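Trainee: The structure that follows is given in the form of structure tokens.
The values are calculated or read from the model by the stated rules, or taken from the named source; none is laboratory data. If you're wondering where the values come from, they're calculated on a predicted model, not measured in any experiment. Reconstructed Cβ throughout: ideal geometry from the backbone, glycine too, with neighbour counts over all protein chains shown. Accessible surface areas use protein heavy atoms only, side chains included; no ligands, DNA or RNA. Shrake-Rupley method; radii C 1.70, N 1.55, O 1.52, S 1.80 Å.
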Amino acid sequence: LEANFSVIQEKNGPINGLITVLHDVTEQEKIEQERREFVANVSHELRTPLTTMRSYLEALEDGAMSDQELGPRFLGVTQNETERMIRLVNDLLQLSKIDSYDYKLAFQSVDIGQFLHEVIDRFEMIAQNKHITFIRKISSKPTYVKIATDKMTQVIDNIISNAMKYSPEGGNVTIALLQQGEKLQISIADQGMGIPRESQTKIFERFYRVDKARARSVGGTGLGLAIAKELIHAHQGEIWAESEYGKGTTIFFTLPAMQEEDNQ
Ligand code: ADP
């Protein structure tokens, strides 16, 4: 804690008062340190694909280009790395917009059950390729919420993609919708590798990954859940994870339910 004192006193008169300004230095330092870490992380995340691309381009220049097998393969690697950098920069731009409140949510009232079905339907093809089965525990009774559908689609896409990415072939992914008083709770449960207890809150931090090498090989940016958290908070909801290491993970989030009279 840092304190600045100012004495209030007329010339040669009595002291009338004292103004004390207290700064929470530790809080400021913490923010400053987080900012430095963030910049270091961004630089590292951008350098990794760039150095990979450089070495593959060098190999192509050194003759791999005229090799029938290596040429297309190395070009493919540089293409994937480019895609990864685009995803990363898009995620960063989105976070920076959120941080500066430079965005508007276009809220719309929708039946959340139907909305969930539509989002899950789009994943059925990819899931089938990985022999993953979606189990839907969604009541057919219409339940209305006010959401920005594009942002909510992004949140659920991210959580479902993670559930599939960090699961073995042949698992189930269960999506459930539950009404709890004034809140709706949505959960997405997988039977994958799980998350160690000490990491369960950290996965919502920017760039935090349980296993960096693995996460990178499955194409993640490490920002998906950080963006999801910001977007859920912007909807007045909460988001958290429960997981048993080696058994599976469930990501929960809540949304305020619309009152009956709101959807007339
Ligand atoms: P990434 O792009 O790395 O997937 P996210 O922000 O989406 O970034 O997730 C952060 C980290 O949380 C992941 O790298 C992974 O370690 C962990 N994680 C997220 N979802 C799951 C899941 N369903 N099962 C196991 N680990 C998960």
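Trainee: List the extent of the Cα atoms of segment 40-199 along each of their three principal axes, largest first, rounded to whole Å.
Mentor: 65, 42, 33
Trainee: Determine the share of the chain's accessible area contributed by carbon and sulfur atoms, expressed in whole percent, with a 1.4 angstrom probe.
Mentor: 51 percent
Trainee: Taking the Cα centre of the chain as origin, work out the dipole magnitude from +1 charges on Lys and Arg Cβ and -1 charges on Asp and Glu Cβ, in debye rounded to 20.
Mentor: Result for the chain is approximately 340 debye, rounded to the nearest 20.
Trainee: Identify the GluC sites (Glu not before Pro) of segment 1-108 meeting these criteria: DSSP loop state and at most 15 other C-beta atoms within 10 Å of the C-beta.
Mentor: 10, 69
Trainee: In a shell of Cβ-Cβ distance under 14 Å around residue 161, excluding residue 161 itself, what net charge do Lys and Arg (+1) and Asp and Glu (-1) give?
Mentor: 0
Trainee: Karplus couplings for segment 87-100 from phi (6.51 cos²θ - 1.76 cosθ + 1.60, θ = phi - 60°), rounded to Hz, Gly and Pro as x?
Mentor: Karplus-based 3J(HN,Hα) across segment 87-100 equals 4, 4, 5, 4, 4, 5, 5, 5, 5, 5, 5, 5, 4, 9 Hz.
Trainee: Rg(Cα) of segment 1-103 divided by 2.2 N^0.38 Å?
Mentor: Normalised by 2.2 N^0.38 Å, the Cα Rg of segment 1-103 equals 2.12.
Trainee: Which value in nm describes the separation of the simple spin-label points at residue 198 and residue 180, placed 7 Å from the Cα toward the beta carbon?
Mentor: 2.8 nm
Trainee: Mind checking segment 154-253 for chymotrypsin sites (Phe, Trp or Tyr not before Pro) that DSSP puts in a loop (not H, G, I, E or B) and that have at most 15 other Cβ atoms within 10 Å?
Mentor: When the chymotrypsin sites (Phe, Trp or Tyr not before Pro) of segment 154-253 are filtered for loop state and at most 15 Cβ neighbours within 10 Å, 245 remain.
Trainee: Contact order normalised by length for segment 50-167, with contacts defined as Cα pairs under 8 Å and 6 or more residues apart; what percent is it?
Mentor: 24 percent
Trainee: Now a separate question. Largest first and to the nearest Å, give the Cα extent of segment 124-198 along each principal axis.
Mentor: 35, 34, 22
Trainee: Based on the Cβ-Cβ distance from residue 69 to residue 161, what FRET efficiency comes out when R0 is 25 Å, to the nearest 0.05?
Mentor: 0.20
Trainee: Given an 8 Å cut-off on Cα distances and at least 6 residues of separation, report the relative contact order of segment 1-73 as a percent.
Mentor: Over segment 1-73, the number comes to 19 percent.
Trainee: Over segment 118-255, calculate the relative contact order: mean separation of alpha carbon pairs under 8 Å at least 6 apart, over the residue count, as a percent.
Mentor: 26 percent
Trainee: Follow-up question, since we're still on this one. With θ set to phi - 60° and the Karplus curve 6.51 cos²θ - 1.76 cosθ + 1.60, what are the ³J(HN,Hα) couplings of segment 126-131 in order, to the nearest whole Hz, using x for Gly and Pro?
Mentor: 5, 5, 4, 4, 9, 6
Trainee: Hey, can you find the accessible area per residue of segment 95-200 for me, probe 1.4 Å, expressed in square angstrom?
Mentor: 53 Å²
Trainee: Assuming R0 = 41 Å, what is the FRET efficiency of residue 33 and residue 7, from their Cβ-Cβ distance, to the nearest 0.05?
Mentor: Efficiency for this residue pair is about 0.75.
Trainee: Find, among the trypsin sites (Lys or Arg not before Pro) in segment 1-61, those assigned to loop by DSSP (not H, G, I, E, B) with at most 15 other beta-carbon atoms within 10 angstrom.
Mentor: Here the trypsin sites (Lys or Arg not before Pro) that fit, given the DSSP loop and packing criteria, are 11.
Trainee: For segment 78-84, just list the computed ³J(HN,Hα) in residue order, Karplus coefficients 6.51, -1.76 and 1.60, θ = phi - 60°, integers in Hz, with x standing in for Gly and Pro.
Mentor: 5, 5, 4, 5, 5, 4, 5
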